[in-house]
Amino acid sequence: MLSDYHLHTPLCLHAEGHPREYAAKAVERGLAEVGFSDHSPMAEYFDDWRMLMGDFPRYLEMVEEARAEFPSLPVRLGLECDFIEGRESWTDELAKKASFDYLIGSVHYIAPGWDVDNPRHLSRWRESGMVDEIWDCYWRLYAKMIRGRQFDFYAHPDLPKKFGLRPQGDLRHFYEPTIQALVDTKGVFEVSTAGLRKDCREIYPSREFLEMAFEAGVPIVISSDSHAPGEVGVHFDQALALVRDIGYRTSVRFRQRERYEVALPEVWPSIT
């Protein structure tokens, strides 16, 4: 059975559904575990797509409500934490505020005020040479995040392809430093079906990244990055088929920030 550790709540200001609705959908779809990992708050107002610090106690309550309603389903507690250079100490502070099962690291901001996956900044991609520059900046930050060892796994590795914009030619030179960082730190990365719901229409990360990571012995989790209950476990059949075709036979689960491997199923029912 598969798990889904990347589920959001309305507290992040761009998702819908109470955690109990996500849990109910997980049970319906046969998942073994779920985990909530809303966009982590900052100490001050930071942007319009993350939990406010004042809502953090309610976040903990909502997860507990889902646990109470579905006692046979392990419901894990996490956060999706943005890696932003110079703010690493805030992540360390957040990690002490609850009994987390895992923390997800992700890179959205490649410069102050520039969240790379936000459609409002699409015009920047059209400028000459910017696609390569954006990818260079993103992957540098991604590898640095991993080497900081603050997180239990790392989200949607090749997020900049969201809008279908990629540099020309072989992209493996972008991936190599990140995969080496994962190897050096014994890190885990996420295979995310969210990309299939975006303009790129492709799982995060690319097959090439997955092949390189498998050859290097880097473990995985499979997640949906759900922002609505109906997205829980969606396209897991495609993700499972992809990783098994590459050679993966196990994935990782977490409890109290300790990880352990479990066998992947051979097949998974199609959910669209």
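Rule-based calculations on the coordinates, nothing more; no lab input. If you're wondering where the values come from, they're calculated on a predicted model, not measured in any experiment. Using ideal geometry, Cβ is built from the backbone for each residue, glycine included, and neighbour counts are taken over all protein chains shown.
What to note about this one:
- Using only alpha-carbon positions in the stretch 16-88, the gyration tensor eigenvalues give semi-axes of 26, 13, 10 Å once each is multiplied by 5 and square-rooted (largest first).
- Radius of gyration and Dmax over the Cα atoms of the stretch 225-272, both given in Å: 12.4, 32
- Between residue 149 and residue 29, residue separation times 0.36 nm minus the direct Cα-Cα distance comes to 39.9 nm.
- The chain: antiparallel DSSP beta bridges as a percent of all, rounded to 5: 30 percent
- Full extension of the chain segment joining residue 165 with residue 238 gains 24.1 nm, where the gain is 0.36 nm per residue of separation less the Cα-Cα distance.
- Cα-based shape type of the stretch 1-41, given that a ≥ b ≥ c are square roots of the gyration tensor eigenvalues and the cut on a/c is 1.5: oblate
- Rg/Rh, computed from the Cα trace of the stretch 97-143 with Rh as the Kirkwood radius, has the value 1.12.
- Percent of alpha-carbon pairs separated by more than 18 Å within the stretch 83-237: 60 percent
- For trypsin sites (Lys or Arg not before Pro), the sites in the stretch 238-272 that DSSP calls loop and that have at most 11 other Cβ atoms within 10 Å are 249.
- Rg ratio (alpha-carbon, reference 2.2 N^0.38 Å) - the chain: 0.94
- Extension gain, residue 228-residue 249: 0.36 nm per intervening residue step, less the Cα-Cα distance, totals 4.7 nm.
- Label-to-label distance, residue 53 versus residue 126, with points set 7 angstrom from Cα along the beta-carbon direction: 3.9 nm.
- Bridgeable lysines around residue 161 (alpha carbons under 27 Å apart, same-chain partners fewer than 8 residues away excluded): 144, 186, 198.
- Alpha-carbon centroids, the stretch 228-250 and the stretch 153-182: separation in whole Å: 19 Å
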